[in-house]
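Engineer: One structure follows; several queries about it will come next.
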Amino acid sequence: MDSFFQQLINGLALGSIYGLIALGYTMVYGVLRFINFAHSDVLMLGAYAAFFLAPKVQQIVPLPGLAGALIVMLLAALICAAAGMLIEFLAYRPLRSRPKLTVLITAIGVSLFIEFTCQHKAVFGAANRAFPKLIDFPNFTFLGLTFTSLNVIIVLVTAALLAGMWFIVQRTRTGAAMRAVSFNQQAAALMGINISRIITFTFGLGSALAAVAGVLYALGAPAIEPLMGTQPGLRAFIAAVVGGIGNLPGAVLGGILLGLLETFAGGIPGLSTYRDAIAFAILILILLFKPAGLLGKATVEKV
Amino acid sequence: MSQPLLKLDQVTIQFGGLTAVSKLDLAIGDREMVGLIGPNGAGKTTAFNLITGVYQPTAGRIEFAGLPIAGLKAHELTKLGVARTFQNIRLFGSLSVLDNVRAATQLHRSHGVINALWRGRAFRESEKEVRSFVMDLLGIFKLDGCADEEAKSLPYGDQRRLEIVRALATKPKLLLLDEPAAGMNPTEKEALMHLIRFIQEKFQISILLVEHDMKVVMGICERIAVLEYGVKISEGTPAEIQSDPRVIKAYLGTEDDEENVEVVHA
Amino acid sequence: MKTGLDPIYKAIASVRLPGAKRWLLVGIALALVASYFSGQFNRYYLGVWMDCGINIILAVSLNLINGHTGQFSLGHAGFMSVGGYTAAKLSLVYSPSVPPEWHPVLLCAGLLLGGLASAVAGFLVGVPSLRLRGDYLAIVTLGFGEIIRVIFQNTEAVGAASGLSGIPKYTTLGWTFGVAAITIYVVAALVNSTYGRGFLAVSDDEVAASSMGINPTRYKVTAFVLGAFFAGIAGALYAHHKQTLTPTQFDFMKSIDIVVMVILGGMGRTGGVILAAIILTWMPEMLRGFADYRMIMYALLIIALMMLRPQGLFALNFKRKGGGAA
């Protein structure tokens with residue numbers, strides 16, 4: 001029973017990270033209707049940004065420490081927001097009126113470009129690097145159960161950011177514009193909404209979330225490397241689809257579902273090596289039986 | 001009229017709480033030209049989509065040649081002999097004019113993968129036959145001159161005609177035309193009316209014309225049904241429809257409302 | 001758009017009928033002649049040309065799915081691996097007990113069996129694909145590819161993560177280009193028939209195609225099954241060329257490579273796709289000196305292609321025009 005709850009919190013934490021990344025996928029899909037393959041690389045950039053920033057920040061604020069960690073995370077988020085907006089500006093904006101598949105392939109190209117460039121020895125190099133300890137996360141005992149505080153932090157941060165996103169999308173003018181663009185781009189443009197600004201903003205926001213997810217992921221991972229984003233990125237994308245792409249709570253729900261499944265499947269001998277396959281199998285089942293996702297709305301093609 | 005070719009019996013469809021089409025009765029006989037008209041939002045397109053199987057009715061029955069057609073997929077319906085055009089032209093844009101029509105003929109061919117690969121004598125003959133059938137059909141509509149052009153490069157009017165030719169290539173018993181006059185100027189509309197009348201005489205088929213342009217429908221249909229808010233408010237010959245006060249009210253509004261049909265168009 | 005490639009492209013595009021069956025024979029004969037003289041070639045160049053042949057099979061068969069039928073599969077490497085593993089296992093089990101003069105027959109059996117196994121996989125992927133389109137389909141096929149890879153990675157009978165090695169070297173230049181000729185013939189002959197126009201119609205507008213009596217489901221599944229069949233054969237040739245198979249050879253990157261060949265050549269343009277397969281097989285060999293930058297350049301090529309010529313480098317404008325019957 002003890003280990004069940006520990007697995008539960010582990011899965012919840014892993015799923016929260018997937019959820020955070022999935023928020024970025026889902027928001028970008030919401031406004032642009034395409035899968036931003038490079039999103040998982042932005043996550044990696046976030047982790048590397050934190051890696052290089054930590055020693056600099058340490059000279060001013062003590063690390064490990066909560067304040068220092070927050071500063072590092074914030075800076076990483078800013079850097080990634082800029083990176084995300086830059087990617088959108090350079091690679092996707094020129095293709096905005098092109099067929100979706102053209103953009104999808106471009107996104108794959110961008111993702112490969114970032115990965116190969118970062119693997120180059122003049123950039124980050126392909127080798128693993130130990131991620132600095134930004135914060136102490138001792139185990140603690142609650143109700144007779146032992147928890148890693150990192151896991152608790154991850155879950156709380158995700159909850160807070162989801163609430164924040166929800167507020168932005170549902171309660172602010174910019175959020176209303178985002179929803180309008182998502183609903184009908186042309187009509188939104190006619191209503192005087194600056195489409196480009198909204199898309200840029202969405203990319204920035206999604207990328208900042210990816211950076212936070214990247215830092216949290218790196219804190220729990222043994223090391224970072226330029227391809228670290230691929231696997232969680234793929235899972236997060238699946239999570240976004242499972243939850244209903246374009247739907248914010250759906251993304252987090254999908255992420256948590258996937259995280260839990262992965263953690264519990266990993267605990268079953270014989271099944272653990274099939275973890276990658278399981279995520280995709282779930283995706284395929286969802287798309288077949290509930291193509292709009294758990295919380296998404298179904299649409300019918302107009303004739 | 002013995003047994004009608006197409007029969008709608010108390011057909012109703014609801015989207016959520018909204019009843020888009022309510023208890024619609026409609027029958028189209030052999031070689032009959034029927035018009036379905038109504039102002040924008042009256043449910044014409046919904047009725048059209050019900051007949052073509054895009055939507056399934058919430059209640060009621062649709063029969064074609066005595067067979068219930070609920071649940072049939074579009075291509076199965078076409079096989080039975082129902083062909084259609086689209087309101088917003090949907091040609092195979094990257095295919096040539098010839099191939100657009102050719103693709104529609106394969107319904108009546110038994111040649112599949114094996115024949116296409118083996119290319120025996122029977123296959124080659126059949127391919128020749130298809131070609132001459134298609135060229136003849138294109139010739140009737142004076143499109144044979146541009147048989148090798150990309151369909152999307154044709155002028156608008158020709159694209160509309162090509163869509164009709166493509167539908168005819170499936171050898172239908174019933175042709176459904178979805179707003180064929182949309183986007184046409186008066187001269188083009190005049191030509192379209194001639195064309196539809198010509199098709200009906202030449203191919204001896206039934207035609208259901210869904211249209212909001214009164215003039216076009218009045219000019220060619222033998223019988224007209226009028227929809228308003230999903231309900232059939234009138235049915236009869238053009239003369240009867242023209243003098244039906246309910247239709248006048250639906251289309252022209254009340255006396256003090258001076259808006260005319262042209263505004264309804266916009 | 002006139003380029004210096006026009007005559008070459010026209011020559012390839014002229015694989016048209018009724019002379020097509022003759023062309024097929026010419027193609028196979030050429031492959032056999034080349035194979036006969038292949039002893040004279042430098043071994044390294046020979047190996048790369050065999051890669052070319054295999055990549056042509058892969059690209060042309062993927063083109064049936066992604067180009068002609070307008071689907072988007074990112075799982076071609078998965079199909080390839082099914083065929084490769086099937087044929088390799090067959091050879092590993094039977095080659096010791098089969099006399100050497102029968103080895104071509106064994107390879108032939110491996111190609112067929114591999115192709116069939118892969119076709120079954122194609123059917124299993126094709127059926128769910130019916131409900132999906134565009135990027136969703138891309139992701140699902142990617143997922144299927146990954147699932148296949150994970151299964152191989154966990155199957156002891158095919159060596160799990162370390163894969164199969166010591167596969168006999170049966171593949172020759174003649175086999176690769178002979179099969180490539182057959183693949184090209186099959187795809188071209190199929191598409192250039194009244195039946196085959198259905199693939200293009202489904203690609204252009206599924207709803208309209210359905211209303212013209214074309215059953216989109218059947219066409220899409222046919223495309224997946226046929227495409228997978230040839231990918232499986234390519235995998236079998238690959239196994240008997242490289243002599244070792246590991247699951248990682250068939251990852252997402254491999255699928256991307258094939259997709260890029262199709263895009264570079266121009267979706268639905270068989271001639272262009274063949275050219276692209278040859279160029280993209282040779283390019284990494286030419287760029288060996290720039291190994292560090294090779295993959296970065298490759299990624300940039302994809303992006304540049306999408307921005308500047310999404311219709312493909314060799315997509316000239318006469319492929320679908322006047323594709324008259326017979």
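The values are calculated or read from the model by the stated rules, or taken from the named source; none is laboratory data. Just so we're clear, the structure is a prediction, and the values are computed from it rather than from any experiment. Because the Cβ atoms are built from the backbone with ideal geometry, glycine has one as well, and the counts that use them run over all protein chains shown.
Engineer: Are any residues in the stretch B:196-225 touching a residue at least 40 places away in the same chain (Cβ under 8 Å), farther than 20 Å from B:R246 by Cα and not basic (K, R), and if so, which ones?
Structural biologist: The answer is B:I196, B:Q200, B:Q204, B:I205, B:S206, B:I207, B:L208, B:L209, B:I220.
Engineer: Residue pairs, Cβ under 8 Å, 6 or more apart or interchain, first in the stretch C:194-205 and more than 7 Å from chain B (Cβ to nearest Cβ) and farther than 13 Å from B:N115 by Cβ, second of a type in the set (A, V, I, L, M) and surrounded by fewer than 24 Cβ atoms within 10 Å (Cβ to Cβ). List them.
Structural biologist: These pairs meet every condition: C:F199/C:L190.
Residue-wise test of (1) modelled with pLDDT under 90; (2) closer than 18 Å to A:A69 by Cα; (3) exposed (fewer than 13 other Cβ atoms within 10 Å of the Cβ).
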position: A:F116; (1), (2), (3): no, no, no
position: A:K121; (1), (2), (3): yes, no, yes
position: A:F124; (1), (2), (3): no, no, no
position: A:K133; (1), (2), (3): yes, yes, yes
position: A:L143; (1), (2), (3): yes, no, yes
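Engineer: Let me ask you something else. Picking from A:S40, A:S97, which residue would you name as being on the phi < 0 side of the Ramachandran plot and buried (at least 21 other Cβ atoms within 10 Å of the Cβ)? Outline the logic, then answer.
Structural biologist: Details: A:S97 fails: buried (at least 21 other Cβ atoms within 10 Å of the Cβ).
On inspection, the qualifying residue turns out to be A:S40.
Engineer: Hey, A:S40 hits all of (1) in a loop (DSSP other than H, G, I, E, B); (2) closer than 23 Å to A:S182 by Cα; (3) not charged (D, E, K, R) but one; which does it fall short on?
Structural biologist: For A:S40, the exception is condition (1).
Engineer: Continuing with this model, one more query. Residues of the stretch A:44-100 being over 27 Å from A:I195 (Cα atoms) and among the small types (G, A, S), which ones?
Structural biologist: Result: A:A47, A:A49, A:A50, A:A54, A:G65, A:A67, A:G68, A:A69.
Engineer: Does the stretch A:252-266 include one or more residues that are in contact (Cβ under 8 Å) with a residue 12 or more places away in the chain, within 11 Å of chain C (Cβ to nearest Cβ) and either outside any helix (DSSP H, G or I) or more than 23 Å from C:F152 (Cβ to Cβ) (or both)?
Structural biologist: So in the stretch A:252-266, the residues in contact (Cβ under 8 Å) with a residue 12 or more places away in the chain come out as A:252-265.
Restricting the remaining residues to those that are within 11 Å of chain C (Cβ to nearest Cβ) gives none.
There is no residue in the stretch A:252-266 that is in contact (Cβ under 8 Å) with a residue 12 or more places away in the chain, within 11 Å of chain C (Cβ to nearest Cβ) and either outside any helix (DSSP H, G or I) or more than 23 Å from C:F152 (Cβ to Cβ) (or both).
Engineer: So, of the residues in the stretch B:139-172 that are within 11 Å of another protein chain (Cβ to nearest Cβ) and part of a loop (DSSP other than H, G, I, E, B), which turns out to be nearest to B:S94 (Cα to Cα)?
Structural biologist: B:E149
Engineer: Also, I was wondering about something else. Inspect the stretch B:130-138 for any residue being of a type in the set (K, R), facing another protein chain (nearest Cβ under 10 Å) and buried (at least 20 other Cβ atoms within 10 Å of the Cβ) and give the result as yes or no. Spell out how you get there, then give the answer.
Structural biologist: Let us first name the residues in the stretch B:130-138 that are of a type in the set (K, R), namely B:131.
After this cut, where a residue has to be facing another protein chain (nearest Cβ under 10 Å) as well, the list is B:131.
So of that shortlist, the ones also buried (at least 20 other Cβ atoms within 10 Å of the Cβ) come out as none.
The answer is no; no qualifying residue exists.
Engineer: Do we find a residue being over 20 Å from B:R31 (Cα atoms) and part of a helix (DSSP H, G or I) anywhere in the stretch B:220-231?
Structural biologist: For the stretch B:220-231, residues over 20 Å from B:R31 (Cα atoms) and part of a helix (DSSP H, G or I): absent.
Engineer: Of all residues in the stretch C:128-151, which are closer than 19 Å to A:R33 by Cα, at the interface with chain A (Cβ under 7 Å from one of its Cβ atoms) and surrounded by fewer than 19 Cβ atoms within 10 Å (Cβ to Cβ)?
Structural biologist: C:R131, C:G134, C:Y136
Engineer: Let me ask something additional. Check C:G312 against each of (1) within 11 Å of another protein chain (Cβ to nearest Cβ); (2) not in a helix (DSSP H, G or I) and name the one condition it does not meet.
Structural biologist: Failing condition for C:G312: (1).
Engineer: Still on this structure: Restricting attention to the stretch A:147-166, which residues are buried (at least 16 other Cβ atoms within 10 Å of the Cβ) and in a helix (DSSP H, G or I)?
Structural biologist: Step one: filter the stretch A:147-166 for residues buried (at least 16 other Cβ atoms within 10 Å of the Cβ), giving A:147-148, A:150-155, A:157-158, A:161-162, A:165.
Matches in the stretch A:147-166: A:L150, A:N151, A:V152, A:I153, A:I154, A:V155, A:V157, A:T158, A:L161, A:L162, A:M165.
Engineer: Do any strands (runs of 3 or more DSSP E) entirely within the stretch B:1-108 hold 1 or more residues that are surrounded by fewer than 20 Cβ atoms within 10 Å (Cβ to Cβ), and if so, which?
Structural biologist: Details: elements: B:6-15, B:18-28, B:33-37, B:59-64, B:82-84.
Filter on the stretch B:1-108 gives B:6-15, B:18-28, B:59-64.
Engineer: Here are C:A208, C:A239, C:A234, C:A223: which of them is at the interface with another protein chain (Cβ under 10 Å from one of its Cβ atoms) and either modelled with pLDDT under 90 or buried (at least 24 other Cβ atoms within 10 Å of the Cβ) (or both)?
Structural biologist: Values: C:A239 fails: at the interface with another protein chain (Cβ under 10 Å from one of its Cβ atoms); C:A234 fails: at the interface with another protein chain (Cβ under 10 Å from one of its Cβ atoms); C:A223 fails: at the interface with another protein chain (Cβ under 10 Å from one of its Cβ atoms).
Checking each option against the conditions leaves just C:A208.
Engineer: OK, next. Would you be able to tell me the number of residues in the stretch A:271-282 that are at the interface with chain C (Cβ under 7 Å from one of its Cβ atoms) and at pLDDT below 85?
Structural biologist: 4
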